[in-house]
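Engineer: Sharing a structure with you now.
The values are calculated or read from the model by the stated rules, or taken from the named source; none is laboratory data. What you are looking at is a predicted structure, and each value in this text was computed from that prediction instead of being measured. Backbone-built Cβ (ideal geometry, glycine too); neighbour counts: all protein chains shown. Just so you know, the surface numbers come from the protein's heavy atoms only, side chains and all, with ligands and any DNA or RNA stripped out. Shrake-Rupley method; radii C 1.70, N 1.55, O 1.52, S 1.80 Å.
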Amino acid sequence: MNNIRLLFLLLSISSFSQEQTKENSKDKTIFQIKNPDYNLSPYTGMTKQHWKDASMYLLEGAFSYIDNLDTPMKFPKQPGKSYPHNNDRVPTEKLEGLCRTLFVAAPILKEKPNLVINNIKVADYYRYQIEKLIDTESESYIVPRSKNGGPSQNLVEFGALAVSMLINPEVLWEPLPQLQKDALAKSMLSYGDGPTVDSNWKFFNIFVLSFFKEHGYEVNEKLLVEYLEKSLTHYRGQGWYNDSPAYDYYSMWAFQMYGMVWSEYFGKQHYPEIASKFINNFKDLKYNYPYLFSKNGEMIMYGRSISYRIGAIIPFPLMGFEDDASINYGWMRRISSGVIKQFFTHPDFIKDNVPTLGFYGPFEPAVQNYSCRGSVYWMGKAFLGLLVPDDNPFWTSKENNGAWEKELKKDTVYNKFQDASDILVTNYPNIGASEIRAWCHEKVKDDWQKFRSTENYNRLSYNSAFPWQADGDNGEVAMNYVIKNKKQVWEAFRLYTFKKFKDGVYYRDVVLETNENIKFNLADIPLKNGILRVDKNNSTEPISMRLGHYALPKLDKDIITTTKKIKGKIVTIIDNGNYQLAMIPLLGWDTTEIMTNNGLHPESNNSKVINVTGIYNPTKEDSSIYATLMLWKKSGEKWTKRELLPIKSIKQLKDSNSVLIHMVNNQKRVVNYD
């Protein structure tokens, strides 16, 4: 009997060991930059070859799931709101995996059409899987759009497929048998020659129609031109398109990228006048977009679909198509390679050989319900930059830090206001960080997908050094206000209305979604080491409220807390070994609290944030002004008293909707809410 038990125990251990070995085989190591070239790229060491290595890193991870030509590009589901939740969505999930990994593969296959990964001929695999999309007996079959069918995720993925086939028809299209070509045209055109969504989605129709026109098929050219012209109407200026209604990275990895690729590979030949308009819009990018990234080439966590991460850099290599001597290509590549390193060298970026849905690692508050695990390969758009020739200045120019070298000087703050979109980009040379303030005005009750009303958009600002933290149930908040509403739930501000940017002050009005009697005038004043907020509470009902600074994640050691008093003002500082954050209430607030958080931060399960709290009663308050300093420094740097309290005095002017601020450097600032 004991021998039988021992046998079962050994079998169990063997089975567990095999499962562990199988699981460990899916744990891809962190991306390594082999043979860095610090002569050409003194900051990142990355050259075009390293971009190719990075794209292969992604592709090899994806193909670790492919056993043979019949295996679909289907990856482990990440727990949470991402789809699929039932079998009906699985064909679309497979389509996403196929078409989005092709963004990574298509440029590589132009150079290496016989590429083999995991004993699979990559080009054969994609052609075989593309044919399965039109095979009615296949589990990957995509049903053509019905006559009255609307736009769907299938349109998105067919649009992506059309992009890849347009840039590499020699490998992906031309070898297909004519019968399959015709069937694929019929299926894809059923979506392309149809309705769309009034956003960047129009480009999915555009690419499907353009690709098949390029290859001799009769298409609805009237609809093609209509969608092209409508897409141009989304352009607001200074590099920004409006994605109905938000300004975010979709302006860059969608509108700007699509417009440039379409123009380069199709538009210049067939519709030169329209192509010239897209190209002119693209040229505006160089004046503002590079400033959105940190000195080290890090992107800001901001907006939906942030899991696409490095897709945000694609405009920079595409600038190589401009042949414009005024572009600082060394800076453009430094930013781009910096963003690749930001994620690819992060230990949480890859899980099960596939990028996670999140920012660095898995982060559910930043995930949208339209995403599946394969959605992350939308970031593969960055590697369309490999289409830019080897001798292009984007690849041959020496890396440099661009504006951060001479233009952006220490102990000064720089604001770039873009009046076409009401976006404010701020650069802080003292810590090498960038910051954005942009549109958010979306009600939860109208936000059926629950992303434009959330922390993805509703923070007061977003900073490259301090990724946004999600709100907690107990009033924990970072870089926003929360108000205890009539249901006794902490509710964040999200209904902002931009007013003006004047004399270094960014003005917005805001109202609480569930109670229009709760309303503020907001005034943000960026300083060299942080932000001065001077906000006016115009609420007509008593409220309990909180305001949070940025949050700090716990990293290698515990977060240290320091409290001191300077000229009667309470200064609270937290320090995580990388950065220090200080918060100093100047007017209006009752108390300061340090909130310890679990599961709210994208960089660590543990984090801390400083909140100031107050109870406002309009019938009792002498002043409605709430003034707050929200400061920062790198860890190890000492604070002077003047840095922690750069304000000499601050007071509301009688019979005026204004506040007068005296700075310790004898400057006067006036905040005028009118």
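Engineer: Looking only at residues that are touching a residue at least 60 places away in the same chain (Cβ under 8 Å) and among the charged types (D, E, K, R) in region 622-646, which one is most open to solvent (accessible area, probe 1.4 Å)?
Structural biologist: LYS641
Engineer: Can you report the number of residues in region 95-107 which are surrounded by fewer than 24 Cβ atoms within 10 Å (Cβ to Cβ) and farther than 12 Å from LEU172 by Cβ?
Structural biologist: Summing the residues that are surrounded by fewer than 24 Cβ atoms within 10 Å (Cβ to Cβ) and farther than 12 Å from LEU172 by Cβ in region 95-107 gives 0.
Engineer: May I pose another question? Out of the residues in region 471-499 meeting the condition of being among the hydroxyl-bearing types (Ser, Thr, Tyr) and open to solvent by 10 Å² or more (accessible area, probe 1.4 Å), tell me which one is nearest to ASN606 (Cα to Cα).
Structural biologist: First, the residues of region 471-499 that are among the hydroxyl-bearing types (Ser, Thr, Tyr): 481, 496-497.
Still in the running and open to solvent by 10 Å² or more (accessible area, probe 1.4 Å): 496-497.
Numbers: TYR496: 30, THR497: 33 Å.
This residue is TYR496.
Engineer: In this structure, does GLU170 turn out to be in contact (Cβ under 8 Å) with a residue 12 or more places away in the chain and under 26 Å from the mean Cα position of the chain (by Cα)?
Structural biologist: For GLU170, the condition - in contact (Cβ under 8 Å) with a residue 12 or more places away in the chain and under 26 Å from the mean Cα position of the chain (by Cα) - is not met.
Condition check ((1) crowded, with 20+ Cβ neighbours inside 10 Å; (2) closer than 22 Å to GLY239 by Cα; (3) polar (S, T, N, Q)) across all residues:
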site: ASP419; (1), (2), (3): no, yes, no
site: VAL425; (1), (2), (3): yes, yes, no
site: TYR428; (1), (2), (3): yes, yes, no
site: SER434; (1), (2), (3): yes, yes, yes
site: VAL444; (1), (2), (3): no, no, no
site: PHE451; (1), (2), (3): yes, no, no
site: ARG459; (1), (2), (3): yes, no, no
site: PHE466; (1), (2), (3): yes, no, no
site: GLN469; (1), (2), (3): yes, no, yes
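Engineer: What is the residue count in region 69-94 for residues that are surrounded by fewer than 18 Cβ atoms within 10 Å (Cβ to Cβ), without any contact (Cβ under 8 Å) to a residue 60 or more places away in the chain and assigned to a helix (DSSP H, G or I)?
Structural biologist: Final tally of qualifying residues: 3.
Engineer: I need a count of the residues in region 239-282 that are in a helix (DSSP H, G or I) and touching a Phe, Trp or Tyr at 6+ places or on another chain (Cβ under 6 Å).
Structural biologist: 9
Engineer: Additional query: With respect to TYR291, determine if the residue is at pLDDT 95 or above, assigned to a helix (DSSP H, G or I), closer than 21 Å to ALA105 by Cβ and of a type in the set (Ser, Thr, Tyr).
Structural biologist: No.
Engineer: Output the number of the condition that SER539 fails; it satisfies all remaining conditions of (1) open to solvent by less than 10 Å² (accessible area, probe 1.4 Å); (2) under 30 Å from LEU408 (Cα atoms).
Structural biologist: It fails just one condition, (2).
Engineer: Residues to consider are LEU547, LEU555, LEU522; find the one that is over 22 Å from LEU653 (Cα atoms), aliphatic (A, V, I, L, M) and open to solvent by less than 10 Å² (accessible area, probe 1.4 Å).
Structural biologist: So the residue among LEU547, LEU555, LEU522 that is over 22 Å from LEU653 (Cα atoms), aliphatic (A, V, I, L, M) and open to solvent by less than 10 Å² (accessible area, probe 1.4 Å) is LEU547.
Engineer: Looking only at region 565-600, filter to residues that are in contact (Cβ under 8 Å) with a residue 40 or more places away in the chain and among the polar types (S, T, N, Q); which one of those is nearest to ALA478 (Cα to Cα)?
Structural biologist: The residue in question is ASN597.
Engineer: Something else now. Limited to region 134-156, what total is found for residues that are part of a helix (DSSP H, G or I) and over 16 Å from ALA185 (Cβ atoms)?
Structural biologist: Looking only at region 134-156, we keep the residues that are part of a helix (DSSP H, G or I), and these are 153-156.
Among the residues that remain, those that are also over 16 Å from ALA185 (Cβ atoms) are: 153, 156.
The total comes to 2.
Engineer: Do we find a residue being open to solvent by 50 Å² or more (accessible area, probe 1.4 Å), touching a Pro at 6+ places or on another chain (Cβ under 6 Å) and either closer than 22 Å to LYS484 by Cα or not in a strand (DSSP E or B) (or both) anywhere in region 647-654?
Structural biologist: No, there is no match, as no residue in region 647-654 is open to solvent by 50 Å² or more (accessible area, probe 1.4 Å), touching a Pro at 6+ places or on another chain (Cβ under 6 Å) and either closer than 22 Å to LYS484 by Cα or not in a strand (DSSP E or B) (or both).
Engineer: From the list SER276, SER294, which residue is among the hydroxyl-bearing types (Ser, Thr, Tyr) and buried (at least 19 other Cβ atoms within 10 Å of the Cβ)?
Structural biologist: SER294
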